[in-house]
Amino acid sequence: MYIVIIGAGRIGTGLAKSQLATGQEVFLLDRDDARVESLRSTFGSIAQLGDGTNVTNLREAGVARAGLFIAATGDDAVNLASCQLAKQVFNSPRTVAVVVDPENAMLFEALGVDDVVSLTDLAMTRLASTVPAHPVIRLMPLAGRHREMVAIKIPAGAEVVNRMLSEIVLPYGSSVILVIGPTGQTEEPRPETVLDAEDEVIVVTPVEGRQALWETFTEIP
Amino acid sequence: MKVVIMGSGRIGARVASSLSADGHGVSVIESNRTQVMNLSRTLVDDGLITLVIGDGSGSEAMLEAGIEDADVFLALSGNDALNGLAAQKAKSVYQTRRVVCRVKDEGLRELYTSLGITVTSPTALVADVILQTVPDMPG
């Protein structure tokens, strides 16, 4: 697939390298001469000096034939404008914007960006998971941001302890995808799987089901 | 009428003063302290122009400037993409009735116009005025 990336900073460059390694065709645009030169000296003509918010520069980068358009500059406003131009002018099938301000994540999706990656949210999720005994750990958002994967530790004495999975009523749309025992052994969940205290369940859930899910697995009668 | 202006460069500051002189309530959001110098000191000190120092497209500054009950939002900074983001936010998040966005780039002008935002391009306006001063050339 042909991928156009706006911004040749750490994220854009790292992504370009990993995609080149898997045989994708990649092209980067950046406003910084030094960054572009450094990429060209290593990888040849995969980068060009240009502005992701300029239609002419986007046309020259071949956005019209790109299967994926990624705006990964450090400037949220530029990333939005680039993705909107890619969509509106070049009918990009898929646009992705990186945002630094988490407030912009929902807004950009509402404004037509197909997928938004919030750096702050990702870092916060990862950091929260390092805090011991955190009740619900958000492991990752899933496509479209409306669903996510979470981990919940079952406390001793919880109502679900010694119950079979088939007996537990989960919030609508949620499903347990893995059960991890206290020593780290993993078990593929079956209806007859019996939960134990200190087990960790990995669940895919709609975002709005997170609270109910937490109550289901941690409530102590 | 209540007007929130983003950007107190020469254009933003001048629009702010004129609107204030006409009796409108004006708030100005500016992130750069040196740009604030463009605003009339007396109007700010007398409380006729409310100055908010902050990120022009951030909710915090927009709310402090009173975007929720503003009739008009003018994105007049020198940064096209930032103006576009702030204007779309005013329109879609705060449902501001009238939103105007200053844009230099022609492609962005078309984009924002297609999104229902009133776009003004000082560059194009100046060019038009200059062209009007050129006498008609014989065909």
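Can you pull out the residues in the range A:58-76 that are closer than 15 Å to A:V96 by Cα and more than 14 Å from chain B (Cβ to nearest Cβ)?
A:A66, A:G67, A:L68, A:F69, A:I70, A:A72
Of the residues in the range B:111-130, how many are of a type in the set (G, A, S), assigned to a helix (DSSP H, G or I) and within 20 Å of B:A90 (Cβ to Cβ)? Show your work before the answer.
Quick first cut of the range B:111-130, residues of a type in the set (G, A, S) only: B:114, B:116, B:121, B:124, B:127.
Filter once more, keeping what is assigned to a helix (DSSP H, G or I): B:114, B:124, B:127.
This time we only want the ones that are within 20 Å of B:A90 (Cβ to Cβ), so: B:114.
Looking only at that region, the number is 1.
Given the options A:A151, A:A158, name the one that is within 28 Å of A:A97 (Cβ to Cβ) and not assigned by TED's automatic domain parsing to the domain that holds A:V99. First the steps, then the outcome.
On the way: A:A158 fails: within 28 Å of A:A97 (Cβ to Cβ).
Every option except A:A151 fails the conditions.
Is it the case that some residue within the range B:117-127 is within 14 Å of chain A (Cβ to nearest Cβ) and of a type outside the set (S, T, Y)? Lay out the reasoning, then the answer.
Residues of the range B:117-127 within 14 Å of chain A (Cβ to nearest Cβ): B:117, B:119.
Next, only the ones that are of a type outside the set (S, T, Y) stay: B:117, B:119.
Looking for residues that are within 14 Å of chain A (Cβ to nearest Cβ) and of a type outside the set (S, T, Y), one finds at least one in the range B:117-127, hence yes.
Please specify each residue of the range A:38-57 satisfying the condition of being within 14 Å of chain B (Cβ to nearest Cβ) and free of Cβ contacts under 8 Å to residues at least 40 places away in the same chain.
Of the range A:38-57, the ones within 14 Å of chain B (Cβ to nearest Cβ) are A:50-57.
Selection gives A:G50, A:D51, A:T53, A:N54, A:V55, A:T56, A:N57.
Looking at (1) in the same structural domain as A:N79 (by TED's automatic domain parsing); (2) not in a helix (DSSP H, G or I), find the lone condition where A:M106 falls short.
In the conditions (1) in the same structural domain as A:N79 (by TED's automatic domain parsing); (2) not in a helix (DSSP H, G or I), A:M106 misses (2) alone.
Within the range A:67-88, identify whether any single residue is crowded, with 23+ Cβ neighbours inside 10 Å and in contact with an Asp or Glu (Cβ under 6 Å, 6 or more places away or on another chain), and answer yes or no.
There is at least one residue in the range A:67-88 that is crowded, with 23+ Cβ neighbours inside 10 Å and in contact with an Asp or Glu (Cβ under 6 Å, 6 or more places away or on another chain).
So for the range A:204-214 (the condition being farther than 16 Å from A:L139 by Cα, over 21 Å from the mean Cα position of the chain (by Cα) and modelled with pLDDT of 90 or more), does at least one residue qualify?
Start the filter on the range A:204-214 by keeping residues that are farther than 16 Å from A:L139 by Cα, which leaves A:212.
Still in the list and also over 21 Å from the mean Cα position of the chain (by Cα): A:212.
Still in the running and modelled with pLDDT of 90 or more: none.
No: zero hits.
Only one residue in A:R126, A:R163 is under 23 Å from the mean Cα position of the chain (by Cα) and among the charged types (D, E, K, R). Which one?
Details: A:R163 fails: under 23 Å from the mean Cα position of the chain (by Cα).
Selected residue: A:R126, the only one of A:R126, A:R163 that is under 23 Å from the mean Cα position of the chain (by Cα) and among the charged types (D, E, K, R).
Rundown of residues vs (1) more than 30 Å from A:F69 (Cα to Cα); (2) out of contact with any Ser or Thr (no Cβ under 9 Å at 6 or more places or on another chain); (3) in contact (Cβ under 8 Å) with a residue 12 or more places away in the chain, yes/no style:
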| residue | (1), (2), (3) |
| --- | --- |
| A:T125 | no, yes, yes |
| A:M140 | no, no, yes |
| A:V160 | yes, no, yes |
| A:V179 | yes, no, yes |
| A:T193 | yes, no, yes |
| A:D196 | yes, yes, yes |
| A:T218 | yes, yes, yes |
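Which of the residues that make up the range A:22-37 are away from chain B (no Cβ under 14 Å) and among the basic types (K, R)?
Matches in the range A:22-37: A:R35 only.
Confirm whether A:M106 is closer than 30 Å to B:L82 by Cα and surrounded by fewer than 13 Cβ atoms within 10 Å (Cβ to Cβ).
Values: closer than 30 Å to B:L82 by Cα: yes; surrounded by fewer than 13 Cβ atoms within 10 Å (Cβ to Cβ): no.
No.
Within the range B:102-116, can you find the residues that are touching a Lys or Arg at 6+ places or on another chain (Cβ under 9 Å) and surrounded by fewer than 23 Cβ atoms within 10 Å (Cβ to Cβ)? Give the derivation first.
Filtering the range B:102-116 down to residues touching a Lys or Arg at 6+ places or on another chain (Cβ under 9 Å) leaves B:103, B:115-116.
The answer is B:L115, B:G116.
How about the range A:110-212: which strands (runs of 3 or more DSSP E) wholly inside it have at least 1 residues that are surrounded by fewer than 14 Cβ atoms within 10 Å (Cβ to Cβ)? Give the steps one after another, and end with the answer.
Working: elements: A:115-118, A:136-141, A:147-153, A:175-180, A:200-206.
Result: A:136-141, A:175-180.
The values are calculated or read from the model by the stated rules, or taken from the named source; none is laboratory data. Quick caveat: nothing in here was measured; it's all calculated off a predicted structure. Quick reminder, even Gly has a Cβ in these numbers, built from the backbone with ideal geometry, and neighbours come from all protein chains shown.
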